[in-house]
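Just so it is clear, none of the values below were taken in a lab; they were calculated from the coordinates. What you are looking at is a predicted structure, and each value in this text was computed from that prediction instead of being measured.
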Amino acid sequence: MPKKTATRLAALAFLAALSSGTASATELVYVPYNPSFGGNPLNGPNLLNSALATNRHTDPNAVDNTSGIEDQSPLAQFKQQLERSILNRLASAATSKMFDAQGNFVPGTFETDNFTINIVDSGGGTFTITTTDKATGSSTVFQVGQ
């Protein structure tokens, strides 16, 4: 069988195979992937992580949210921790005068270098505490139940 005839026979067989089947199609349906547009809510974290990983933009006016402890030397970290410890002890000493042995408020006026703290028994187990800043004269008032 010559080569030309074999090629024609193969082409005819191919065309016969194509014409014998029925063509079918289905409707294309759009299904959103992004949950903002109606997609599955479980895709949200995936999309967010992908966006954060590829984000190369920074806001020049943004405030740095890091604590800054990574940039400090061990000596600076120790100094900061020591200052916090001393301030904590001073606050504990100042507030210890405001409570009796049972942990109840003691009415009266207490003074520090910067503040005047006035504790008044309002009755019914409620105390009114007024804190006044000596430098500015501004005050804060709040009530505490015993």
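Brief remarks follow.
- Gain on full stretching of the segment that runs from Gln72 to Leu52 - 0.36 nm per residue minus C-alpha separation: 4.5 nm
- For region 45-57, the Karplus equation 6.51 cos²θ - 1.76 cosθ + 1.60, evaluated at θ = phi - 60°, returns couplings of x, 4, 5, 5, 4, 5, 5, 5, 5, 9, 6, 10, 8 Hz by residue, with Gly and Pro reported as x.
- Taking 0.36 nm per residue of separation and subtracting the Cα-Cα distance, full extension of the segment from Val144 to Glu27 would add 35.4 nm.
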